1. By per-residue mean of other Cβ atoms within 10 Å, what is the highest-first order of 416-424, 440-448?
2. For segment 214-576, just say rounded, prolate or oblate: build the C-alpha gyration tensor, square-root its eigenvalues into a ≥ b ≥ c, call rounded for a/c under 1.5, and beyond that prolate if a/b exceeds b/c, oblate if not.
3. Over 25 Å between C-alpha atoms is what I'm after, so list which of LYS404/LYS469; LYS404/LYS482; LYS215/LYS506; LYS465/LYS528; LYS253/LYS465; LYS469/LYS528 land there.
4. Could you work out the Kirkwood radius for segment 304-359, taking every pair of different alpha carbons, averaging 1/r and inverting it, reported in Å?
5. Multiplying the sequence separation of LYS171 and ARG192 by 0.36 nm and subtracting their Cα-Cα distance, what value in nm do you get?
6. Modelling each spin label as a point 7 Å along the Cα-to-Cβ direction, I'd like the GLU182/THR525 distance in nm, to one decimal.
7. For segment 214-576, build the charge dipole from Cβ charges (+1 Lys, Arg; -1 Asp, Glu) around the Cα centre, then report which of VAL291, LEU559, GLY354 sits farthest towards its positive end.
8. What ranking do 495-505, 205-215, 351-361 get when scored by the average of other Cβ atoms within 10 Å per residue, highest first?
Amino acid sequence: MSHLLWKTLVLSPVVLGVTVLVSARAMAAKVADSSEDIKAKVTQTEAPIASAASIFIQTEQPKVNQQLVAQKIDDNKVLEEVNPYSSEEKNQNSLSQVTSVSQFSDVQPTDWAFQALQSLVERYGCIAGYPNSTYRGNRALTRYEFAAGLNACLDRVNELIATATADLVSKQDLATLQRLQEEFSAELATLRGRVDSLETRSAELEANQFSTTTKLVGEAIFAVTDNFGNNDNNNTVFQDRVRLDLQTSFTGKDTLHTRLAAGNAIGLALPNRTFEGTQTFSLSPSTNNSVYIDWLSYYFPVGNSQVYIAASGGIQSDYVPTVNPYFEDYDGGNGALSTFASESPIYRIGGGAGIGVNLAFGKGGGSFQPSLTLGYLASQANNPGLNTGLFEGNYAALGQLNLKVGDRITLAATYVHGYNNGGTVLFDAGSASTTTGVVGTAQANFVGGGNPYSSNSYGFEAAFKPSDKLSISGFAVYSNIKGFGANDDSQVWSYGLGVALPDLGKKGNVLGLFAGIEPYVGGNTADKPYHFEGFYKYRVTDNISITPGVIWLTNPGQLPGNNDDAIIGTLRTTFTF
C-alpha cells in the first residue's frame, strides 16, 4: 500500500494534497471534541476506532498483491523518516476551514510541503486547520484517518466538477482517487459503524446522566488511631470522615464547589489543650456524622489570573500555592497524616469567607515563572453581631510572592496580617468554633492574654525535586503578636522539613518523613514541642489507598517540667470516587 501511495504522490498536486491534508482533516471524522470525556469513557472497553499503526507501516494488507509487499530500498528510507511520528499524542480538537496558508502558525515558507499546502488552500480550498491556528503536519495517520480524509477531499473534487472547474482535475487524477476510495471502502464503512454506535451510546448516557454541568467527586476516610505515650488517657478509636464535592462548571473554565461533609473524629486528649496531634481527617464540622456544607466556593479565570471566592469554609491553601508536594493534599486523605506536616502553619491563620486571586506574570511556560497571590478571608463573615462580620470580626489578609524555577525548584515568601477578637485562637483555619485550633500548642494559639490582638506573620517556603524519585520541602514561620492589653505582646515560631520518596515500591505510593517544631511561643523556658512523622501511602488501586503512620511529639503542650512524649499511631484507609 505504501508503494502505491508514493507512486500516487507523483501524479498531481491534488493527490499530493490529499496525503498532506489527511493528518488534520481526518480527525473531524473521529468525532473529535476534547470536552466530551463522557464519550471517551464509554468506549474504553471497545477496540480502538483507528489502528495503532500508521498506514505506511501496515504489516497485513490483503488487497495488495504480493509484488507490492516487496518494498524498495528508497521506500524503506522514507518509512524510517515517518516512523518517529507514529508515537505522537493524538489530539481531539475540532477543525475549521482556512482560506490562506498564512493562517497556520506552524507552517513556514521553508517547509518542504509549503507549496503543496498553498496550492490546496488557495486553488482547491480543500484543507482545514485546528482552532488554535495550527496545521500539525508532522503527525502520523492511520488507515481510518486516511480514509476519512480521502472521502472529505473527494467531496470537494465533486463540487469542483459540478461548478464547471473540471479542468483543475485530470482524468488520471480522478482514476487514482477512485482507486484509493475503493481501497479504503472497508475502513470507511467500519468507521461509520463505530461512529454511529458511539453516538447512540453517548446519547443514552446524556439522557440518563446526573447533570450536564456538574460532576461528583467523593472521598471517604476510615482511620484507626491511638496514643501510646506513658500518660495516655486515650482509648483506641475508629473514626471516619466523608466528603462529597459537587463540581459545577458553566463555561468550561470555571468551577463552583459545593461540598458536603460528615465525620465523627474527636481529637486525642493531649496536655493543656494542645492541638499538636490534630490530623487532617479530624477537620470536620461535626463529631456525630451530621451532614454539613463545609465548603462553598467559586473559581473563575480573568485573563492569565485565577480568582477565588469563598462563601463558606474557605482556607488560605484553597487559592495559594503551599509549596509542599506529596505532603499537601488540601486536608484530604492522601497526603501527610497531621495538619502540621501537610502545610506551613501560616496558611492556618484565618479562613471562612472572602476572596483570593493568583496573578500570573507573563504568559507562562518558561523556566522562570513568577506570580503573586493576594487574599482576604474572615471567619465570622456571616455574623451580624457586635465586633463580627466581614470586616469587624476575625480576618486574615494574605500576600505571597511565588517563584517557580524550571520543574525542580519552587520558592515562596508569604505575609499574613490578621486580627482576632479576645479569646479566639491564632491558627483557626476559619473554624466554625474560633476557640478550636488546628495546629500548634495552646500557648501559641491563645495569645493576646485573652484580649483582642493583631498578628503579622512572615513565612518562607521552598521545595526542591532533584529527581522524579525524591522531593525535599520545608518552611519557616514567624508571627509577631500585638495585644491590645498590657503586656499582651508575644512571638510565635515554627519550622518544618520533609523528605518524600514518590512511587516507592509501586507507582502512586509515597513514603514521607517530616520533622519540625510546631508553633510555640518564643521566650518560654520549657522544652520546644518537636514533631516527627513518618507515613507510607500504599496505593491498592486507583481509588483506594492505605496509609500506616506514626507521629512522635516531644513535650506536647510546651509545658515546663517533665512532660511525657506522645506517640500516635494511625492506620488510614482512603476511598476516592
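1. Values: 416-424: 20.2, 440-448: 24.7.
Peptide ranking by packing, descending: 440-448, 416-424.
2. On the way: a/c = 1.28, a/b = 1.06, b/c = 1.20.
Taking the square roots of the gyration eigenvalues as a ≥ b ≥ c, segment 214-576 is rounded.
3. Values: LYS404/LYS469 19 Å; LYS404/LYS482 33 Å; LYS215/LYS506 29 Å; LYS465/LYS528 30 Å; LYS253/LYS465 30 Å; LYS469/LYS528 32 Å.
Over 25 Å apart, Cα to Cα: LYS404/LYS482; LYS215/LYS506; LYS465/LYS528; LYS253/LYS465; LYS469/LYS528.
4. On the way: mean 1/r = 0.0840 Å⁻¹.
Result for segment 304-359, one decimal place: 11.9 Å.
5. Details: separation 21, 0.36 × 21 = 7.56 nm, distance 2.86 nm.
Here the segment from LYS171 to ARG192 would lengthen by 4.7 nm.
6. Placing both labels 7 Å beyond Cα along the Cβ direction yields 10.3 nm.
7. GLY354
8. Details: 495-505: 18.0, 205-215: 10.5, 351-361: 20.3.
Going by the mean number of other Cβ atoms within 10 Å, highest first, we get 351-361, 495-505, 205-215.
Since every read-out is calculated from the coordinates, none of them should be taken as a lab result. Values in this document were obtained by computation on a predicted structure and should not be read as measured data. Note: ideal-geometry Cβ built from the backbone for every residue, glycine included; neighbour counts use all protein chains shown.
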